[in-house]
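Everything on this sheet refers to the single structure shown next.
What follows draws every value from the coordinates through simple rules; no lab data is involved. Note that the coordinates shown come from a computational prediction; the quantities given were computed from them, not determined experimentally. Quick reminder, even Gly has a Cβ in these numbers, built from the backbone with ideal geometry, and neighbours come from all protein chains shown.
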Amino acid sequence: MGFRKEIKDANRIVVKVGTSTLTYANGQINLGRIEKLTRVLADIVNSGKEVTLVSSGAVGVGIGKLKLKEKPTNIREKQALAAIGQCELMHIYSKFFGEYSHTVGQVLLTRDVIEDEHIKQNVCSTFELLLQKGIIPIVNENDTVSIDELENIAKFGDNDNLSAIVSVLIDADLLIILSDIDGFYDSNPKENPNAKLIKQIDEITEEIEACAGGVGSSLGTGGMATKIAAARKATDAGVNMVLANGEEPSIISDILSGEEVGTLFTAKK
Ligand SMILES: Nc1ncnc2c1ncn2[C@@H]1O[C@H](COP(=O)(O)OP(=O)(O)O)[C@@H](O)[C@H]1O
Ligand SMILES: N[C@@H](CCC(=O)OP(=O)(O)O)C(=O)O
């Protein structure tokens, strides 16, 4: 219960939403879900907390916009789809947050942010200023640039990892990763109906890692393994992380009220 109290007091919060939360299974954008998400986040900012949103969905929204039947495997096509989808996604966020009188800022990052000290400082100071002004930074990987440079610089890999990197960069108190599942189970619930939800994980052991299976939806990229890697990165740097189901975005308020929902990965002290 002590840790859930700590979460109640969290001031600087990073929320990551995956493609499966933002789109329907047919690839079309889930406007109702995004509207609810923006309303909840706007209200959290109104309460005096700082919110950064790490949002996937560029490729998924691009697929919906072009009415493609499935996700292409070709990197160039994915880059082009991300370029199309990112625009659409930011337009929707800006519109919905605007309805609650909030302003957003788009932050597209590449791996340089962790490899180049100078770039890292620039990014940090941009975040600081945006947050200071009550603006909601909306972060994604710069898919056009990072995949383009694939031969030299590997891309972040996935937005779960990116959300952990951002949490560490801005010294967040809490990272909330929303997915299409209630939390971390002792095996993949989509394959094992008897899988059990684990409420709190204080140590990410090899045993825990072995419980993490692959991607659940056809549009997502990470699966559970990348969420566990993100949890390791965040908790090692002293950031608590909660993995929860984004189906009903009001769950973010429940988490911040200290309710025992999802799986809490406790920060190393
Ligand atoms: N141990 C586990 N606990 C929970 N989910 C798991 C586990 N192993 C694999 N999964 C799968 O991971 C999926 C979530 O990852 P993903 O599809 O990449 O979502 P997102 O788009 O939200 O990032 C779940 O739907 C589930 O099928
Ligand atoms: N930058 C990509 C991120 C893809 C990604 O990590 O997706 P997800 O597993 O749904 O978080 C996009 O916006 O489509």
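How many percent of DSSP beta bridges within the chain run antiparallel, rounded to 5? Don't skip to the answer; put the middle values down first.
On the way: 6 of 33 bridges.
Looking only at bridges with both residues in the chain, the antiparallel portion is about 20 percent.
Select from segment 83-137 those trypsin sites (Lys or Arg not before Pro) which occupy a DSSP coil region and have at most 14 other Cβ atoms within 10 Å, ordered by residue number.
Working: sites: Lys95, Arg111, Lys120, Lys133; in loops: Arg111, Lys133.
Counting only loop positions with at most 14 other Cβ atoms within 10 Å, the trypsin sites (Lys or Arg not before Pro) in segment 83-137 are Lys133.
Please give, to one decimal in nm, the separation of the simple spin-label points placed at Asp43 and Gln106, each 7 Å out from Cα toward the Cβ.
Result: 2.9 nm between the two label points.
Only helical DSSP H runs with n ≥ 4 go in: add -39500 (n - 2.57) per run for the chain, normalise by residue count and round the 222 nm mean residue ellipticity to 500 deg cm²/dmol. Numbers along the way, then the final one.
Values: 12 runs with 123 residues, N = 269.
Dividing the helical sum by the residues of the chain leaves -13500 deg cm²/dmol.
What FRET efficiency do you get for Phe3 and Glu77 if R0 is 35 Å and r is their Cβ-Cβ distance, rounded to the nearest 0.05?
On the way: r = 43 Å, r/R0 = 1.24.
Once rounded, the FRET efficiency stands at 0.20.
Using a 7 Å offset from the Cα along the Cα-to-Cβ direction at both Lys95 and Gln200, what is the distance between the two label points in nm, to one decimal?
About 4.3 nm separates the two model spin labels.
How about segment 36-89: which GluC sites (Glu not before Pro) there lie in a loop by DSSP and see at most 14 other Cβ atoms within 10 Å?
On the way: sites: Glu50, Glu70, Glu77, Glu88; in loops: Glu70.
Hits after loop and neighbour filter: Glu70.
Add +1 for every Lys or Arg and -1 for every Asp or Glu among the other residues with Cβ under 11 Å from the Cβ of Tyr100, and state the total.
In short, -1.
Percent of Cα-Cα pairs more than 28 Å apart in the chain, please. Display every interim value, and only then the final one.
Details: 10698 of 36046 pairs.
Roughly 30 percent, once rounded to a whole number.
Extending each Cα 7 Å along its Cβ direction at Ala210 and Gln121, get the distance between those two points in nm, one decimal.
According to this spin-label approximation, the distance is 4.6 nm.
Whose amide H sits under 5 Å from the amide H of Ile201, counting only residues 5 or more places off or on another chain, with H placed in the peptide plane?
Leu264, Phe265, Thr266
So for the chain, averaging the separation of alpha carbon pairs under 8 Å that are six or more residues apart and normalising by length, what relative contact order in percent results? Each step should come with its number before you reach the end.
On the way: 519 pairs, mean separation 65.1, N = 269.
Relative contact order, the chain: 24 percent.
Just to confirm a number: summing +1 for Lys and Arg and -1 for Asp and Glu over residues other than Asn122 whose beta-carbon lies under 15 angstrom from that of Asn122, what do you get?
On the way: positive: Arg111, Lys120; negative: Asp112, Glu115, Asp116, Glu117, Glu128.
Combined, the nearby Lys, Arg, Asp and Glu give -3.
Ordered by packing density, taken as the mean number of other Cβ atoms within 10 Å over each peptide's residues, highest first, how do 250-261, 223-234 rank?
Numbers: 250-261: 16.8, 223-234: 22.2.
Ranking the peptides 250-261, 223-234 by packing returns 223-234, 250-261.
How much net charge surrounds Ser179 when only the other residues with a Cβ under 10 Å from the Cβ of Ser179 are counted, with Lys and Arg +1 and Asp and Glu -1?
Details: positive: Lys16, Lys227; negative: Asp160, Asp180, Asp182, Glu247.
Net local charge, Ser179 excluded: -2.
Give me the number: length gained by fully extending Asp254 to Glu70, i.e. 0.36 nm times residue separation minus the C-alpha to C-alpha distance, one decimal in nm. Let's see the in-between values first.
Working: separation 184, 0.36 × 184 = 66.24 nm, distance 3.46 nm.
Length difference between fully extended and current span is 62.8 nm.
What list of ³J(HN,Hα) couplings, whole Hz, do you get for segment 71-79 from phi and the Karplus terms 6.51, -1.76, 1.60, once you set θ to phi - 60° and write x for glycine and proline?
Karplus values, whole Hz, x for Gly and Pro: 6, x, 8, 5, 4, 4, 5, 5, 4.
By counting other Cβ atoms within 10 Å of each Cβ, how are Phe184, Phe3, Phe97 ranked from fewest to most? List each step's numbers first, then the result.
On the way: Phe184 25, Phe3 16, Phe97 22.
Neighbour counts put them in this order, fewest first: Phe3, Phe97, Phe184.
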